[in-house]
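The values are calculated or read from the model by the stated rules, or taken from the named source; none is laboratory data. All values derive from a computational prediction rather than experimental measurement. Glycine gets a Cβ as well: all are built from the backbone with ideal geometry, and neighbour counts include every protein chain shown. Heads up: the accessible areas ignore ligands, DNA and RNA and are worked out on the full protein's heavy atoms, side chains in. Shrake-Rupley method; radii C 1.70, N 1.55, O 1.52, S 1.80 Å.
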Amino acid sequence: MNEHIALLIVDDEQIVRDSLTKWFREDGYIVGAAANAAEALRLMQEQRWHIILLDIKMPGMDGMELQQRIRDIDAHAIIIFITAHASVDTAVQALKCGAFDYITKPIDPDHLSHLVSNAIKQRALAMENLKLKEQVVEFSKPDEIIGDSSQIKKVFEMIKTVAGTDTTVMIRGESGTGKELIARAIHANSQRRYFPIVTINCGALPEGVLESELFGHERGAFTGAQYRRKGKLELADGGTLFLDEVGNIDMKTQMDLLRVIETKQFTRVGGNETIKVDFRIICATNKDLELAVKEGTFREDFYYRLNVFTVSIPPLRERKSDIPLLVNYFVNKHKRAMGKDISSVSPEAMDILVQYDWPGNVRELENAMERAMVVGKSCAITPADLPFQLSERNNEPQSGSLADMEKRHIARVLEEQRWNITHSAEVLQIDRVTLYNKIAKYGFRKP
Amino acid sequence: MPFPVHILNASSLPLAELESVAETIRQLLGLSVSVAQYRLELERAFDSSRVQYNSSVLIAHILSTITSSEKQKLITIVDVDLYIPVLTFVYGEAQLDGTAAVVSTHRLANEFYGVEENRSLLLERLTKELVHELGHTFGLFHCKQFECVMRASTYVEEIDLKKMTLCEECARRLFEKIHN
């Protein structure tokens, strides 16, 4: 039976419309008929038509022109042209337009049956193919997330695991670790990738503005709202909404957002119209949300709704083996952008870059490399090209307790003096016995 | 008995032969079936450019000349070549979920294809097409089941391949239509 197949007949002759309607109704199709282009386009807006039988010669907009408009509404509809007088030109033109086929009046019933039956099979195959393409999400590693360390590999695995699902994801990590890149990688590998990913930085907008940014507003909703404006929720429909710095959302907006997540609908600020939306939420934070919940500045129900699947990005100091890869990536990136002839980093400079702890993470590393590329004069980046604080800070005792600072300082001196105890004691200005005691206390082992 | 079927003979077939056709349909559908001679003004449906008869016009004419009720089915047999405007020919036409239908023996006869006359085969094909068009008047659509009489046929060979009977699903739908 063809009860689920909708077929639209577009012909200016009523007798043709009536005859074909009857013929296809007997075959069990859902049949619609339009006498002209305007009527056909109206019917196209009202429901989906799988097959459209389209007369070429009609007053006003002819079939050839109409099929272009139909394509704009539904690219998958199968169009079969009907013509009273077939010619090679007509046939070629029809098929060039992307029509499935054409048929000549009066129509041979056998030909018509086969044509429509084949069209249905082709459409079914095309739709199946589309569905499969949607389902088979080939994981592609995002180009801009650089790293080969076990920590970053774990992050890739997590992206791969969660991308194909529709689960809400919370990305956690220090500033500059690349949380937005991870969000984009999840979206790019999801079934929603053909729809937009809309980012909103919740920390950058003051209370009230964030609400309008998210929900949009109607004309006259507040002073300055001269036009109706769609919010990010509407723009993200079908795709992904990325809430960056989600920990900064005020309590009222948290409640409003929670309602949207639960009901999938909302109204614009100052409006009454209910708007239905379908999007996936990915959020990111560098805040301790658990603490915020305890302190009462973050709603517990909102926290649990967002914290379904967590991807934690390690800070750069915990994946130092990725630094050389990142350094080379940024050298090549900026080399192209600046047109400079710098293509490597000297071993000394690399050593400094690897040893530095990068509190600003990858973002800080990129800034440092960009600066080095600007000031660099030779074909390789040298320590002199690096920002002053890098090499300086490495030589300074780092913050922490006094014992920690002493431990780090002694370790560095021992390393610099290649475990020559006499020289190390001299540098440290302590006697050799005291140094031996310190080595034992801190559990140092000669490499 | 609900939905009595009236076979109106406007063809050159003798009534006696149609009585046996009526009996078969009676047994197949479980309805009362009568046969009567009928004079149909075919000329008004004739298209001189196509040298064929418009089956839709004939149905309209039958309905205008016979007092009918929704609770009965009128099926007229003709022996002229039938068409509907967009199609090159039809074996018959029915009002889907309606009262009237028309069937032609023209393309059911072996002679049309230059083959030796076969009267029993003609009556068998005619019976199948009568049941098929009657099925449409009860709101049945074309069926995908290979042997079901409601399967669409555009070649006479296809008519020969299908059975006179309805498949289980079509029979169930027909039963519901008759008894609800």
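Tabulated data for the structure shown
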| item | result |
| --- | --- |
| Members of the stretch A:17-37 found to be more than 8 Å from every other protein chain (Cβ to nearest Cβ), open to solvent by less than 30 Å² (accessible area, probe 1.4 Å) and not hydroxyl-bearing (Ser, Thr, Tyr), listed by number | A:Phe24, A:Val31, A:Gly32, A:Ala34, A:Ala35, A:Ala37 |
| The stretch B:142-163: number of residues that are without any contact (Cβ under 8 Å) to a residue 24 or more places away in the chain and either in a helix (DSSP H, G or I) or within 13 Å of chain A (Cβ to nearest Cβ) (or both) | 11 |
| Some residue of the stretch A:59-74 being free of Cβ contacts under 8 Å to residues at least 40 places away in the same chain, more than 10 Å from chain B (Cβ to nearest Cβ) and in contact with a Gly (Cβ under 8 Å, 6 or more places away or on another chain) | yes |
| When residues of the stretch A:234-255 are limited to those that are assigned to a loop (DSSP other than H, G, I, E, B) and open to solvent by less than 10 Å² (accessible area, probe 1.4 Å), the one farthest from A:Glu213 (Cα to Cα) | A:Gly239 |
| Selection within the stretch B:101-130 - within 26 Å of B:Leu29 (Cα to Cα) and in a loop (DSSP other than H, G, I, E, B) | B:Thr105, B:His106, B:Arg107, B:Leu108, B:Ala109, B:Asn118 |
| Subset of the stretch B:45-63 that is in contact with a helix residue (DSSP H, G or I) (Cβ under 8 Å, 6 or more places away or on another chain) and free of Cβ contacts under 8 Å to residues at least 24 places away in the same chain - its residue that is most open to solvent (accessible area, probe 1.4 Å) | B:Val57 |
| Residue in the stretch A:408-447 that is modelled with the highest pLDDT, counting only those that are closer than 25 Å to A:Tyr356 by Cα and open to solvent by 100 Å² or more (accessible area, probe 1.4 Å) | A:Arg445 |
| Close pairs (9 angstrom Cβ cut-off, 6 or more residues apart or separate chains): on the phi > 0 side of the Ramachandran plot in the stretch A:368-381, aromatic (Phe, Trp, Tyr) and part of a helix (DSSP H, G or I) anywhere | none |
| Given (1) free of Cβ contacts under 8 Å to residues at least 60 places away in the same chain; (2) open to solvent by 60 Å² or more (accessible area, probe 1.4 Å), index of the condition A:Thr199 fails | (2) |
| In the stretch A:146-188, residue surrounded by the fewest Cβ atoms within 10 Å (Cβ to Cβ) [restricted to those that are among the hydroxyl-bearing types (Ser, Thr, Tyr) and within 18 Å of A:Glu245 (Cα to Cα)] | A:Ser175 |
| Residue check for A:His4: assigned to a loop (DSSP other than H, G, I, E, B) and in contact (Cβ under 8 Å) with a residue 24 or more places away in the chain | yes |
| The stretch A:98-110: number of residues that are within 48 Å of the chain's Cα centre (by Cα), surrounded by fewer than 17 Cβ atoms within 10 Å (Cβ to Cβ) and either assigned to a helix (DSSP H, G or I) or within 12 Å of another protein chain (Cβ to nearest Cβ) (or both) | 0 |
| Residues satisfying the stated conditions in the stretch A:302-317, i.e. outside any loop (DSSP other than H, G, I, E, B) and surrounded by 13 or more Cβ atoms within 10 Å (Cβ to Cβ) | A:Phe302, A:Tyr303, A:Arg305, A:Leu306, A:Phe309, A:Val311, A:Ser312, A:Leu316, A:Arg317 |
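Here is a yes/no grid of residues against (1) closer than 13 Å to B:Leu126 by Cβ; (2) in contact with a strand residue (DSSP E or B) (Cβ under 6 Å, 6 or more places away or on another chain); (3) buried (at least 20 other Cβ atoms within 10 Å of the Cβ):
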position: B:Val5; (1), (2), (3): no, yes, yes
position: B:Glu17; (1), (2), (3): yes, no, no
position: B:Ile25; (1), (2), (3): yes, yes, yes
position: B:Gly30; (1), (2), (3): no, no, no
position: B:Arg39; (1), (2), (3): no, no, no
position: B:Glu43; (1), (2), (3): no, no, no
